[in-house]
Structures are given as C-alpha cells and as structure tokens.
1. Name the shape class, rounded, prolate or oblate, that the alpha-carbon gyration tensor gives for segment 67-207, where a ≥ b ≥ c are the square roots of its eigenvalues, rounded holds for a/c under 1.5, and otherwise prolate holds if a/b is larger than b/c and oblate otherwise.
2. Can you compute 3J(HN,Hα) from phi for each residue in segment 106-120, using the Karplus curve 6.51 cos²θ - 1.76 cosθ + 1.60 with θ = phi - 60°, rounded to whole Hz and x for Gly and Pro?
3. Obtain the nm distance between the two label points defined at E198 and T109 by a simple spin-label model: each point lies 7 Å from its Cα along the Cα-to-C-beta direction.
4. At 0.36 nm per residue, and after removing the present C-alpha to C-alpha distance, how many nm does the segment from R63 to R269 gain when stretched out fully?
5. Once label points are set 7 Å from the Cα along Cα→Cβ at both L74 and S120, what is their separation, rounded to one decimal in nm?
6. Can you tell me the length gained on complete extension of the stretch L163 to L188, counting 0.36 nm per residue apart and subtracting the Cα distance?
7. For segment 84-91, take each phi angle, set θ = phi - 60°, evaluate the Karplus expression 6.51 cos²θ - 1.76 cosθ + 1.60, and give the result in whole Hz per residue in order, putting x for glycine and proline.
8. Once the piece of chain linking L156 and R131 is laid out straight, how much longer is it, given 0.36 nm per residue of separation minus the C-alpha distance between them?
Amino acid sequence: MFRKALLQRLGRVGGKVGVLIGCLMLPLAVQAQTSQAPEDSQGAPRPEAQSEIEKGPVISQFRENWILGELRSLRQDMMEYRNEMTKQVTDRELEVADKAMGYATNTVTYFFYLIAGAASILALVGWSTIRDLKDNVRVYAEKEMSRLTVEYESRLADLEKELRKKSLTIAENQEEIERTNEIHSLWLKASKEPSYKEKIELYDRILELRPDDPEALAWKADAALELGEQRWALSLCDRVLEVDEDNSHALYQRACAWTGLGETDNALRDLEQAVNQSDALRQHARAEEMFQPLRDLPRFQALIGGEEPLDP
C-alpha cells in the first residue's frame, strides 16, 4: 500500500512538471516562428503581427500567473509528500518499538513464570522457603569447614611432629659427625704420641666424647701396662669385657696384666681365649716381653705353636 501511494504521488508530480515544461517551451517556439516571417520592403510589420504584439503582454501575464500557480501547487504537493513520508517512517519506527517492548514484556513474564515454577518445585520436594535453603546450605558449609579444619589441623600437627623429629635427628647426626671427627683426630694424635702418659690423656678425652668405648679402654689398658700399672690395666680390661666379653684385644691385655701380677692360670686362660679368636694375637704373643715368665711352660708353648719368638 505504501509503495502504491508513493507511485501515485510521483505520477501526479511528474504530470505537473511536464505541463510546466511545455508551457515554458511554448513562447520560445512562437518567437522562433515570428522571427522567420518575411517582412515587407519598408520593414514595417504586418497588421496581424502587430496585433499579436499588442496582445502579447496580456497573454504573457496570464501564462505567468498560471505557471506560478502550478509551481505553488507543486511545492504544496512536495510538502504533503514529505509530511506523509515522515508520518509513515514514524509509524514504522513506533511499530518496531512496540514489537520490541512486547518481546521484552513476554520475556520478563516467561522468566517470572520460570522462577515461580522452580519455587513451587522446591516447595514440593521439601524446601519450604528460600530462607530454609540458605540456612541448610550455611549449616552444611559450616559442618564441612569444621571437618576440614579438624582434618588439616591433625595433618599439620603430624607434620610438625615429624619435622621436629627429623630436626632432632639431623641435629644429633650433626653432633655425631662432629664428635666422630674429633675422636678420629684424637686417635691420630695418640698413634703418633711417644709418651704413654700423653696417650692416656688422649684416650681419656676420647672416653669423654664416647664413654665406655671398648677400643679406647683396651688401648688405655695397654698404655697402663707399659707404665707398670697392672691392676689399673686389669680394671680397664674388666670394664671392656663387661660390655663385650669376646673382645680379643681386652682378653690379650688382661692376660698380660695377670702375668705381671703372677696369676699364671688366669693369664693362660685369657691368652687361650684371645688367640683362639685372632691368629694375629698368637704372633704377637710369641714376641711379647710381658709373657717372658710363661715361655717355659708347656701350655704356653702349645698356645703359641712352639715356634721361635719374633723380634719385637
């Protein structure tokens, strides 16, 4: 309908424009015909032409009024056409806006129905209100948080306990390493020290770092024997054998102490146990000066194998 009205309006305007153009071209055609008419020899115009000239202004005034009227009518038609176009465009925009508002209203309505339906379903399955739902969620969240808190606190406590234990172990290992290094240094000094008194002092320092060390006690007993302290050496060997009754070095040193004290039977008994555990001590017994009182005894000869003593 809008296209049909537009075509009709354009047809009317086109017709008026054509008429107006024809009216404007008519005087030009008349003037051209007039200029081509033959004149007389004196150059005076004909009576018909003179009458046309006299009538010309009246016809021209009428024609001018008619043209102005047509122009006014054409302008009015154009204004009406523009107003009609503006009205139709405005109506179309209002129609589009009305449809958009309708769509928005329907969407909100459907969304409200959806929420109402969801609330009804929640009410049917046991959740009476949204407040109850929120309270239940809060209670559940608090329970879960409490459970997780207790669980992680327990894990952290175990981890802290394990870290403390490892820290203590590392500290103890560090102290043991330092103690071992110091003891090793003291053993090196004792092996190079020519004085037996100084050796005994170094062995005492080793025993301060590691009490009841069998090796330190046995070598301290050896140094005491070299100083002629048989009973002291005997006491030191007894301390070693209380901890390790099969310590061959302590048995050998105690046999030497028994020999110095004149206890031959005890000396031979300890020497027998020592050489049975270590053949190297048998070789040392052959060259040991402290066993000089026992060399003529058959039992001693049987223990050392009856070979000639080695050079000390």
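1. Oblate shape, in that a/c is at least 1.5 and b/c is the bigger or equal ratio.
2. 5, 4, 4, 5, 5, 5, 5, 4, 5, 5, 4, x, 5, 5, 5
3. If labels sit at E198 and T109, their model points lie 11.5 nm apart.
4. Working: separation 206, 0.36 × 206 = 74.16 nm, distance 16.91 nm.
Gain on extension, R63 to R269, equals 57.2 nm.
5. With each label point 7 Å from Cα toward Cβ, the separation is 6.9 nm.
6. Values: separation 25, 0.36 × 25 = 9.00 nm, distance 3.72 nm.
Going from the current span to full extension adds 5.3 nm.
7. 5, 4, 4, 5, 5, 5, 5, 4
8. On the way: separation 25, 0.36 × 25 = 9.00 nm, distance 3.65 nm.
Result: 5.3 nm gained on full extension.
Only the coordinates and a few stated rules stand behind these numbers; no lab work does. Quick caveat, the model's predicted, so the values are computed rather than measured. Cβ sites come from the backbone with ideal geometry, for glycine too, and all protein chains shown count toward neighbours.
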